[in-house]
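Data block below; observations after.
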Amino acid sequence: MFSKRIIPCLDVKDGRVVKGINFVNLRDAGSPTEQAKVYSNENADELVFLDITASSDHRKTMLEVVKATAEQVFIPFTVGGGIRNIEDIRTLLHAGADKVSINTAAVENPKLVKDASWEFGSQCIVVAIDAKRKKSVTSNQNPEWEVYTYGGRKPTGIDVVEWAREVESLGAGEILLTSMDRDGTKEGYDLELTRSVSEAVNIPVIASGGVGKLEHLYDGLTLGKADAVLAASIFHYGEYSIKQTKQYLKDKGIPIRL
Amino acid sequence: MSPSKSPLIAVVDYGLGNLRSVSKALELTGAEVIVSSKPKDLLSASGVVFPGVGAFYRGMENLRERKLNSALFKIIKEGKPFLGICLGLQLLFTFSWEHGDTKGLDIIEGRVKRFEGNVKVPHMGWNQVKQTQDSSPKTKDLFQGIPDNSYFYFVHSYFVVPKDKSLIAATTEYGGEFTSCVCKENIFGVQFHPEKSGPLGLQILKNFIDIINDSQT
């Protein structure tokens, strides 16, 4: 049976993991590659590295991380953060990333999604969407969400569901959907948002933002109709292991690879 | 048991997809690896891995540009162990329905078609691989030590339909059953990515190396 995917996300700054895991027996707990190995050994289905390096001078460090990871970790991984153009994508894919995730650059230049999926194939082009609920919508209307760029700092006026449909038609192979309202709250995914996008497109949708407990992952996959669920802090801080998470979901009847 | 030596495997570089993981995985599981787009390197290796992701027409175009077709035909004719992965499997077929009809290498008779119906495309993620029960001994060698219905990582929008059903070595369910592994003499093809499928994927590559070693004794 086709399984749902559990995806830990690692924030990387200047080549080092920002939120640390309390893993013991790691030679270098700040090394993204070492942490990726731990997740891979625990049967994580995929990994996402989010490069939050501010200065472009230090982006070369991320390339080294990607190269080392591709040589040591044999599950798929996606790299996002600061990707501006086709050359950035080519460099990351050649270094060994399986997919790249594009956010701001896709909004500012939708043709990039088209060109990149034409050049490298849809399967490696993920469009990340940062979504925020529109306040202007009254409670008796259906909710709407707006796309934000620049790490959630810039509102764009673009409707999230429409944008999701557009990136699909441009050739994106997958959508990484983050609820800005829920991110960091530990209150669970924005299930209405996740379901709205997942039902609007025929490409896989990864739910992100707000996981505080395992039930939230279950809700994202069932009520939210997500194809994959991403979480960062619940795994980083050792609250739950990947193994425990997958067993929990499997016991609740979700198709999971143990 | 096969002798514990490191055969030289050529990984075909035709400009599609990253080859770092597949070449490293082969090295880890006991091969010497040369990544090359030169026919003479491919011809001098003991076995060939033909990887690739992306568009079919692009794959064929890139092979033509690099003048690799005749080298591939020669390798197959010589009976050298050959492993196609993902697009590398699909390109072995007669034609694909991607962008209209695109001709393939026609090493295995059949076509390549797109997923239809009520499933998300690409088929991206982990799915179970059901081994054909009355398969050839060669297929059994490829799946040595792999429990039936194990999970492997897939990422593709098209799948192969061999004309000769006896070549089907494994199938997978995704809105219906499709062929996830074919085996014809020394030609193996997997739709999933062994280099991205964790320890069981590495086992497939190790088995392929054993097949190469056995073919040389």
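List of remarks:
- If you go through region A:74-97 and pick out every residue that is open to solvent by less than 10 Å² (accessible area, probe 1.4 Å) and out of contact with any Asp or Glu (no Cβ under 9 Å at 6 or more places or on another chain), you end up with 1.
- Note on region A:82-132: residues that are in a helix (DSSP H, G or I), β-branched (Val, Ile, Thr) and away from chain B (no Cβ under 13 Å) amount to 4.
- Each residue in region A:203-217 was checked for being more than 11 Å from residue A:191 (Cα to Cα) and more than 14 Å from chain B (Cβ to nearest Cβ), and 5 pass.
- Qualifying residues in region B:199-217 (those that are within 14 Å of chain A (Cβ to nearest Cβ) and in contact (Cβ under 8 Å) with a residue 12 or more places away in the chain) - the one nearest to residue B:167 (Cα to Cα): B:204
- Flag for residue B:48 being open to solvent by 50 Å² or more (accessible area, probe 1.4 Å), more than 10 Å from chain A (Cβ to nearest Cβ), within 17 Å of the chain's Cα centre (by Cα) and of a type in the set (A, V, I, L, M): no
- Given (1) without any contact (Cβ under 8 Å) to a residue 40 or more places away in the chain; (2) part of a helix (DSSP H, G or I); (3) of a type in the set (A, V, I, L, M), index of the condition residue B:60 fails: (1)
- Long-range neighbours under 8 Å by Cβ, at least six apart or interchain, first residue open to solvent by 40 Å² or more (accessible area, probe 1.4 Å) within region B:131-159, second of a type in the set (Lys, Arg): B:148/B:130; B:149/B:130
- First in region B:105-120 and without any contact (Cβ under 8 Å) to a residue 24 or more places away in the chain, second anywhere and acidic (Asp, Glu) and surrounded by 13 or more Cβ atoms within 10 Å (Cβ to Cβ), Cβ under 7 Å, 6 or more apart: B:120/A:227
- Test result for residue A:141, farther than 23 Å from residue A:185 by Cβ, away from every other protein chain (no Cβ under 14 Å) and among the polar types (S, T, N, Q): yes
- Region A:102-111 - residue that is open to solvent by 10 Å² or more (accessible area, probe 1.4 Å) and not β-branched (Val, Ile, Thr) and, of those, farthest from residue A:159 (Cα to Cα): A:111
- Residues (surrounded by fewer than 20 Cβ atoms within 10 Å (Cβ to Cβ), closer than 9 Å to residue B:158 by Cβ and within 14 Å of another protein chain (Cβ to nearest Cβ)) located in region B:86-120: B:98, B:114, B:115
The values are calculated or read from the model by the stated rules, or taken from the named source; none is laboratory data. Everything numeric in this text was worked out from a predicted model, so none of it was measured. Heads up, the Cβs are rebuilt from the backbone with ideal geometry, glycines too, and the neighbour counts pull from every protein chain shown. Keep in mind that these areas ignore ligands, DNA and RNA; they rest on the heavy atoms of the full protein, side chains included. Shrake-Rupley method; radii C 1.70, N 1.55, O 1.52, S 1.80 Å.
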